[in-house]
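Read the structure below first, then the notes.
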Amino acid sequence: QVRLVESGGGLVQAGGSLKLSCAASGNIFEKFAMGWFRQAPGKPREFVAHITSAFRTNYADFVKGRFTISRDNAESTVHLDMNSLRPEDTAVYYCNVGSSTRSGTHWYDGWGHGTQVTVSS
């Protein structure tokens with residue numbers, strides 16, 4: 001089974017930066033896309049960014065120019081560098097594993113504990 005462990009969250013003032021990391025178990029990391037999602041209190045989970053096995057990236061409009069997703073296959077990790085953080089970025093951030101299909105990326109039907117990011121005004 002897939003095991004994903006997020007880390008790197010914390011409390012930061014508006015305009016600050018954080019780097020999130022996600023460690024994936026198993027020996028098939030290189031074959032799959034990896035993505036970041038977030039969920040704020042009272043709101044649905046939303047897509048943030050993802051990176052394919054070919055290192056192609058995609059971002060939600062609200063983070064473009066501020067966040068950067070990257071992966072290190074040798075370390076089986078995916079990262080999210082977050083800059084110019086805003087209070088509205090406050091949420092629990094989750095990573096996930098996905099497989100690309102003709103109809104889009106299908107994400108693993110399971111979520112870990114995530115890592116809390118809190119941005120103060």
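The values are calculated or read from the model by the stated rules, or taken from the named source; none is laboratory data. Predicted model only: the values in this text are computed from it and were never measured. Cβ sites come from the backbone with ideal geometry, for glycine too, and all protein chains shown count toward neighbours. SASA here: full protein model, heavy atoms, side chains in, ligands and nucleic acids out. Shrake-Rupley method; radii C 1.70, N 1.55, O 1.52, S 1.80 Å.
Cβ-Cβ distances below 6 Å connect the following pairs, each with a first residue in the range 90-110 that is within 25 Å of Lys19 (Cα to Cα), a second residue that is modelled with pLDDT of 95 or more and surrounded by fewer than 18 Cβ atoms within 10 Å (Cβ to Cβ), and a separation of six or more residues or different chains: Thr90/Thr118; Ala91/Gln39; Ala91/Ala40; Val92/Gln39; Val92/Gln116. Checked against (1) over 19 Å from Gly16 (Cα atoms); (2) free of Cβ contacts under 8 Å to residues at least 12 places away in the same chain, Lys64 meets all criteria but (1). Among residues of the range 20-42 that are at pLDDT below 90, those with a beta-carbon under 6 Å from a residue that is open to solvent by less than 30 Å² (accessible area, probe 1.4 Å) and of a type in the set (Ser, Thr, Tyr) at least six positions away or on a different chain give the pairs Ala24/Ser76; Phe29/Ser76.
Quick one: in the range 28-53, of everything that is β-branched (Val, Ile, Thr), in contact with a strand residue (DSSP E or B) (Cβ under 8 Å, 6 or more places away or on another chain) and closer than 19 Å to Val5 by Cβ, which residue is surrounded by the most Cβ atoms within 10 Å (Cβ to Cβ)? Spell out how you get there, then give the answer.
As a first pass, look at the range 28-53 and keep what is β-branched (Val, Ile, Thr): 28, 48, 51-52.
Adding the requirement that they be in contact with a strand residue (DSSP E or B) (Cβ under 8 Å, 6 or more places away or on another chain) leaves 48, 51-52.
The next check asks that each one be closer than 19 Å to Val5 by Cβ; those that pass are 48, 51.
Values: Val48: 24, Ile51: 21.
Among residues in the range 28-53 that are β-branched (Val, Ile, Thr), in contact with a strand residue (DSSP E or B) (Cβ under 8 Å, 6 or more places away or on another chain) and closer than 19 Å to Val5 by Cβ, the one surrounded by the most Cβ atoms within 10 Å (Cβ to Cβ) is Val48.
Give the range 1-19 a look and list any residue that's out of contact with any Pro (no Cβ under 9 Å at 6 or more places or on another chain), open to solvent by 30 Å² or more (accessible area, probe 1.4 Å) and either at pLDDT 90 or above or among the hydrophobic types (A, V, I, L, M, F, W, C) (or both), or say none. Working first, answer last.
In the first step, residues of the range 1-19 are kept if they are out of contact with any Pro (no Cβ under 9 Å at 6 or more places or on another chain); the result is 1-13, 15-19.
Now drop any that are not open to solvent by 30 Å² or more (accessible area, probe 1.4 Å), which leaves 1-3, 5, 7-9, 11, 13, 15, 17-19.
Listed by number, the residues that qualify are Val2, Val5, Ser7, Gly8, Gly9, Leu11, Gln13, Gly15, Ser17, Leu18, Lys19.
Looking across the range 69-110 at every residue that is in contact with a Ser or Thr (Cβ under 8 Å, 6 or more places away or on another chain) and open to solvent by 70 Å² or more (accessible area, probe 1.4 Å), the one that is farthest from Arg3 (Cα to Cα) is identified as Ser100. Taking Val63, is it farther than 12 Å from Thr115 by Cβ, at pLDDT below 95, open to solvent by less than 70 Å² (accessible area, probe 1.4 Å) and aliphatic (A, V, I, L, M)? So Val63 fails the test. All but one of (1) closer than 19 Å to Gly9 by Cβ; (2) without any contact (Cβ under 8 Å) to a residue 12 or more places away in the chain; (3) of a type in the set (A, V, I, L, M) hold for Ala74, so report the exception by its number. Just one mismatch for Ala74, condition (1).
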